[in-house]
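See structure below.
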Amino acid sequence: MKKNNTFEIKTKKYKVGDIYLNVAEAGQGGPLVFIHGWSNSWIGWTLLANELSPYYKLYMVDLPGFGDSDSLPRYSLEIVNRYLSEFIDKYVPSPRAIIGASAGTFVAVHMVTTNRYNTSLILIGTVLKQRRTALIKEAYSRLLTLSTDSKLAHNAFERVIKNKYSAYFVEKYINAYRFDKKLIDLYFIPGRKKVNGKSYIQMGVAIMGYVLDEELHNIRNKTLLIFGSADKYVSLKTAESLLKKAKNSNLSLRVIDKSGHSPSYEQPKETARIIREYLDSEVLEG
């Protein structure tokens, strides 16, 4: 594959339905579509984009209600799916792969299995089955559900998410392999600063109600799951067990050392290498 050494990211607003989606673009080559996590934006992909842009054309989408994309009256996986699908159908009709991170993996799987896109699927840090956090997840899900239509709750959650110290706490004690304030300030906090309380809560309810474990056996697309070796949400043993239980030959698993929940910015070079190898092997098999 020919390498293009120029790295530049440009953002563009795309008219999709009745809103505008903000999309960051970089590189040249086969198109890849990126879907960020729950409290992030396209900026969280920057380091991985730097590694992949010499080989692919990257479309890093801000989900509706996140980053610089327009807001919606209401949020669910089905609603967001309609906007993302229209974006892909109109502007990126044959993506080489759809890549999701963390909560973005739920959006990616729902979209691909619903629309039957003929594309590879790459899931980075997906939450298949939480380890030692089932009760916390249930309690938080109930709290979000109770708050879904409360403007007061929307504002309260928004203030918490936008507070940089909440980001530091989440990264230090939950997400990161090694806490790095500089990385968080550059690639994690900017997305949180633009969080919409309503979109955060309602997408959270949608995501927590979507049992991704049960969807694994339904995936017809070639799918690569990438986990950090120190991911606190899903142990390697759990991931391997669930993939084995799914009995789906379309699924494969790779683990990245010295990484927690976000290998795409903790270990971008290794993450990019694995993605490139996987996509190259798909071409050879095809």
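Just one of the numbered conditions (1) part of a helix (DSSP H, G or I); (2) at pLDDT 90 or above; (3) of a type outside the set (S, T, N, Q); (4) in contact with a Phe, Trp or Tyr (Cβ under 9 Å, 6 or more places away or on another chain) is not true of ILE122: (1).
Quick grid of which residues meet (1) of a type in the set (D, E, K, R); (2) modelled with pLDDT of 95 or more; (3) in contact with a Gly (Cβ under 9 Å, 6 or more places away or on another chain); (4) crowded, with 21+ Cβ neighbours inside 10 Å:
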| position | (1), (2), (3), (4) |
| --- | --- |
| ILE174 | no, no, yes, no |
| ASP180 | yes, yes, no, no |
| LEU183 | no, no, no, no |
| GLY197 | no, no, no, yes |
| ILE201 | no, no, no, yes |
| GLY204 | no, no, no, yes |
| ILE207 | no, no, no, yes |
| TYR210 | no, no, no, no |
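There is at least one residue in segment 54-73 that is closer than 18 Å to TYR278 by Cα and in contact with a Phe, Trp or Tyr (Cβ under 9 Å, 6 or more places away or on another chain). Taking residues in segment 184-211 that are more than 15 Å from SER71 (Cβ to Cβ), and partners anywhere that are among the basic types (Lys, Arg) and assigned to a helix (DSSP H, G or I), the pairs with Cβ atoms closer than 8 Å and at least 6 places apart or on different chains are ASP185/LYS164; ILE189/LYS164; ARG192/LYS162; ARG192/LYS164; LYS193/LYS162; MET208/LYS137.
Residues checked against (1) modelled with pLDDT of 95 or more; (2) in contact with a Gly (Cβ under 9 Å, 6 or more places away or on another chain):
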position	(1), (2)
LYS2	no, yes
LYS10	yes, no
LYS15	yes, no
LEU32	yes, no
ASN40	no, yes
LEU48	yes, no
MET60	yes, yes
GLY67	yes, yes
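LEU253 meets the conditions (1) touching a His at 6+ places or on another chain (Cβ under 7 Å); (2) modelled with pLDDT of 95 or more; (3) surrounded by fewer than 21 Cβ atoms within 10 Å (Cβ to Cβ) in every case but one. The failed one is (1). Just so you know, in segment 89-110 the residues that are crowded, with 22+ Cβ neighbours inside 10 Å and β-branched (Val, Ile, Thr) include one that is nearest to the chain's Cα centre (by Cα), and it is THR105. Just a yes or no: is a residue in segment 88-97 modelled with pLDDT under 95, out of contact with any Gly (no Cβ under 9 Å at 6 or more places or on another chain) and part of a loop (DSSP other than H, G, I, E, B)? The answer is yes; a qualifying residue exists. For segment 3-21, check the following and say yes or no: at least one residue is among the aliphatic types (A, V, I, L, M), surrounded by 15 or more Cβ atoms within 10 Å (Cβ to Cβ), farther than 28 Å from GLN202 by Cα and touching a residue at least 60 places away in the same chain (Cβ under 8 Å). No, every residue in segment 3-21 fails to be among the aliphatic types (A, V, I, L, M), surrounded by 15 or more Cβ atoms within 10 Å (Cβ to Cβ), farther than 28 Å from GLN202 by Cα and touching a residue at least 60 places away in the same chain (Cβ under 8 Å).
The values are calculated or read from the model by the stated rules, or taken from the named source; none is laboratory data. The structure presented is a predicted model; accordingly, all values stated were derived computationally and were not measured. Because the Cβ atoms are built from the backbone with ideal geometry, glycine has one as well, and the counts that use them run over all protein chains shown.
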